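The values are calculated or read from the model by the stated rules, or taken from the named source; none is laboratory data. Just so it is clear, the structure is predicted and the values come from calculations on it, not from any experiment. Reconstructed Cβ throughout: ideal geometry from the backbone, glycine too, with neighbour counts over all protein chains shown.
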Amino acid sequence: MTMERAEFWGTRRMGVALVTASAVCWSTAGLFVRLANLDVATLVVWYSMSACIGLGLVCALRLRGGLWRAILEIGWPGLVYVIIAALCATSYVLALQYTSVANVMTIYASLPLVATAVAFLWLEERVSRQFIVVGLISIAGIAITAGAAATINDAIGLIVSFLMTVTFAVMLVVSKRYANLDVLLASAIAAGLAAAVCAPFMNYGVPSLIQLTGCVLYGLLAYGLGINLALVGGRMIKSGEAGLLTMLEIVLGPIWVWLFFGEEPTIEAVVGAATALGAVTWYLSVERQPLPEPAPS
């Protein structure tokens with residue numbers, strides 16, 4: 001294996017590891033939302049404040065005296081990222097207020113397809129035949145879940161879930177397109193923006209210790225660590241592949257709330273998720289095979 005190929009596969013493996021770790025972190029979001037048990041605005045404010053403070057401290061230590069300068073020089077890509085990230089985080093919490101974690105996660109299975117579509121239109125990334133097959137199978141899995149929506153609330157939750165999925169796909173592509181963008185700093189600003197927007201609508205009573213714990217863990221682990229691992233790792237691999245790896249959340253997310261809160265997924269959600277995940281497993285087993293060495297000239 002040539003040095004270039006060794007470096008490529010090493011970088012790719014690191015990207016895969018980071019995105020996989022992010023999926024584990026982000027899968028706990030539903031658990032912490034249920035633990036907090038607050039209305040949307042109040043939950044968003046408390047967890048966003050936790051994320052903003054936590055990420056802000058990390059940025060302050062890393063940038064030292066250059067923090068304010070970095071904020072002022074974030075540029076229009078950073079502003080786009082901040083707005084999209086704030087919308088993504090808020091819509092996810094809103095979706096969980098209307099429908100189950102399993103339903104939200106199954107709609108989230110469309111992320112690889114959406115991320116690839118955005119990357120194809122914006123970055124002109126190539127799309128393999130295998131990926132097209134996986135995308136179609138994933139759509140079938142989503143259709144199974146969406147077709148079983150029992151109430152108006154479920155339907156609203158599924159629509160908001162798709163909005164969350166689209167915004168996260170844009171975040172992945174923006175972070176890859178603008179490699180110099182400080183995603184950690186931008187995520188901290190986005191959390192602050194989300195808190196400021198939702199503050200007028202929150203309940204100003206002090207939550208219980210358990211509720212605050214859920215908010216803080218959501219802000220630091222699921223949002224702070226989970227999203228940023230995905231964005232950093234996503235720069236090392238294709239946008240669609242990063243989206244596929246994050247689908248590990250589809251399995252873990254419903255498991256956490258089932259174990260701790262007894263929230264059982266519907267049969268349709270299980271079938272839909274299994275369909276999408278089976279396709280992803282096949283795709284990754286094909287795509288990770290090393291390319292053949294070129295014949296010597």
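Of note:
- Of the candidates Leu79, Leu38, Leu31, Leu87, the single residue that is in a loop (DSSP other than H, G, I, E, B) and at pLDDT 90 or above is Leu38.
- Each residue in region 215-258 was checked for being among the polar types (S, T, N, Q) and touching a Gly at 6+ places or on another chain (Cβ under 6 Å), and 0 pass.
- Cβ separations smaller than 8 Å between residues 6+ apart or across chains give the following pairs from region 60-71 residues that are closer than 16 Å to Ser187 by Cβ to residues that are β-branched (Val, Ile, Thr): Ile71/Ile189.
- Members of region 113-149 found to be among the polar types (S, T, N, Q), in a helix (DSSP H, G or I) and surrounded by fewer than 24 Cβ atoms within 10 Å (Cβ to Cβ), listed by number: Gln130
- Restricting region 254-297 to residues that are modelled with pLDDT under 75 and in contact with a Phe, Trp or Tyr (Cβ under 7 Å, 6 or more places away or on another chain) leaves a set whose member that is surrounded by the most Cβ atoms within 10 Å (Cβ to Cβ) is Tyr283.
Here is a yes/no grid of residues against (1) under 30 Å from Thr266 (Cα atoms); (2) acidic (Asp, Glu); (3) touching a helix residue (DSSP H, G or I) at 6+ places or on another chain (Cβ under 6 Å):
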{"site": "Cys52", "(1), (2), (3)": "no, no, yes"}
{"site": "Leu57", "(1), (2), (3)": "no, no, no"}
{"site": "Arg69", "(1), (2), (3)": "no, no, no"}
{"site": "Val93", "(1), (2), (3)": "yes, no, yes"}
{"site": "Asn103", "(1), (2), (3)": "yes, no, yes"}
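- Restricting attention to region 93-112, the residues that are in a helix (DSSP H, G or I), modelled with pLDDT under 90 and surrounded by 24 or more Cβ atoms within 10 Å (Cβ to Cβ) add up to 12.
- Out of Thr42, Thr90, Thr11, sole residue that is surrounded by fewer than 19 Cβ atoms within 10 Å (Cβ to Cβ) and of a type in the set (Ser, Thr, Tyr): Thr11
- Single condition Ile227 does not satisfy, out of (1) more than 16 Å from Thr28 (Cβ to Cβ); (2) under 17 Å from the mean Cα position of the chain (by Cα); (3) of a type outside the set (Gly, Ala, Ser): (1)
Let's see how each residue does on (1) in contact with a Leu (Cβ under 7 Å, 6 or more places away or on another chain); (2) assigned to a helix (DSSP H, G or I); (3) within 24 Å of Ala179 (Cα to Cα); (4) modelled with pLDDT of 90 or more:
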| residue | (1), (2), (3), (4) |
| --- | --- |
| Val197 | no, yes, no, yes |
| Asn203 | no, no, no, yes |
| Leu212 | no, yes, no, yes |
| Val216 | no, yes, no, yes |
| Leu221 | no, yes, yes, yes |
| Gly226 | no, yes, yes, no |
| Leu229 | yes, yes, yes, no |
| Gly233 | yes, yes, yes, no |
| Ile237 | no, no, yes, no |
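- Within the option set Val251, Val232, Val197, being within 17 Å of Met164 (Cβ to Cβ) and surrounded by fewer than 21 Cβ atoms within 10 Å (Cβ to Cβ) holds for one residue only, Val197.
- Residue match in region 166-177 (condition: surrounded by fewer than 18 Cβ atoms within 10 Å (Cβ to Cβ), more than 24 Å from Val271 (Cα to Cα), within 19 Å of the chain's Cα centre (by Cα) and at pLDDT 80 or above): yes
- Subset tally (residues that are closer than 26 Å to Asn228 by Cα and of a type in the set (Gly, Ala, Ser)) for region 239-278: 7
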